[in-house]
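Written out below as structure tokens is the structure these notes cover.
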Amino acid sequence: MSDHLSASMLNALADGELTEDQLAIANEHLAGCPACTSSALYQSLLKSSTAKAGQRYAPSAQLQERLAQMVSQSNSKPNDLGLLGAEALGASSSSRPGWPGWATAAALILVIFAGMATVRYSTRRADIASAEKAELITEVFDQHVATLASSQPAQVLSTDRHTVKPWFQGRIPFSFNLPESLPQGMTLDGANLAYLHNQPVAQLLYSIGKHRVSVFVREKPGVPETALPLLEHAGFHVLGFSTGDLEVVAVSDVDPARLAELLRAIRQAQS
């Protein structure tokens, strides 16, 4: 392809809407066209900034339904309360043995409202966690694309893990291990000091064949081991895992099986 990529194709690339054939053509062109690479980076960063600016809390459909029910119930409560009040005023002292029943009903109401509050809290926590994960994926994607488009070399250029790991001492408030050996066809190219959520992280740069890979390592203390499922973002694959102290996220357009192979080697090195 000798011409530059069209604006519609660049937009589709940023939105992850290209077919496999179109993505292959675009990647081949971007590999030899700095102008289109810069335009693609601009589109991706613009899309990310717009998405972040538009993020705000919106009540879920379940919460809206519950609020509608509460409003409906509140409209009918005055009549019910008036009837109950008349019955209470007309009741004699001999009716007092019935109060344990009212106490039981009140206790049940408290339990119900406590349960609703717990559900709302759990749902809110899940929404926050989901939003944070989506923001993390967007950030690692943006930084990876920026690295691909940059003409500047990595801050530390070395294939030696004994050079790359010590370089981060004093630059990040945590430590990590690098694999002694990598699967066939994979090489360590170097590293950068990057930032995710305004916190310093290690951006490890690898090559798998002709594909570039960014592996971000950040501190995440006190979190049990979990795995970030394989996701696709604008034609790139995002995969990760976490240990009790670290969260590791990798992004690349390489085959997902090869990306997972690299992450397994990095994870084994942490233990």
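The values are calculated or read from the model by the stated rules, or taken from the named source; none is laboratory data. Not measured: the values here are computed from a predicted model. We place every Cβ from the backbone using ideal geometry, glycine too, and count neighbours over all the protein chains shown.
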Query raised in the report: Looking at Leu23, is it at pLDDT 70 or above, part of a loop (DSSP other than H, G, I, E, B) and closer than 16 Å to Val145 by Cβ?
Result: no
Query - Out of Arg212, Arg218, sole residue that is of a type in the set (Lys, Arg), buried (at least 18 other Cβ atoms within 10 Å of the Cβ) and out of contact with any His (no Cβ under 7 Å at 6 or more places or on another chain) - result: Arg218
**Report entry** Which numbered condition Gly190 misses (of (1) on the phi > 0 side of the Ramachandran plot; (2) assigned to a loop (DSSP other than H, G, I, E, B))
**Finding:** (2)
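Conditions tested, residue by residue: (1) of a type outside the set (S, T, N, Q); (2) part of a strand (DSSP E or B).
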| position | (1), (2) |
| --- | --- |
| Glu180 | yes, no |
| Gln184 | no, no |
| Ala250 | yes, yes |
| Val254 | yes, no |
| Leu262 | yes, no |
**Report entry** For Ile266: the one exception among (1) at pLDDT 90 or above; (2) within 28 Å of Glu28 (Cα to Cα)
**Finding:** (2)
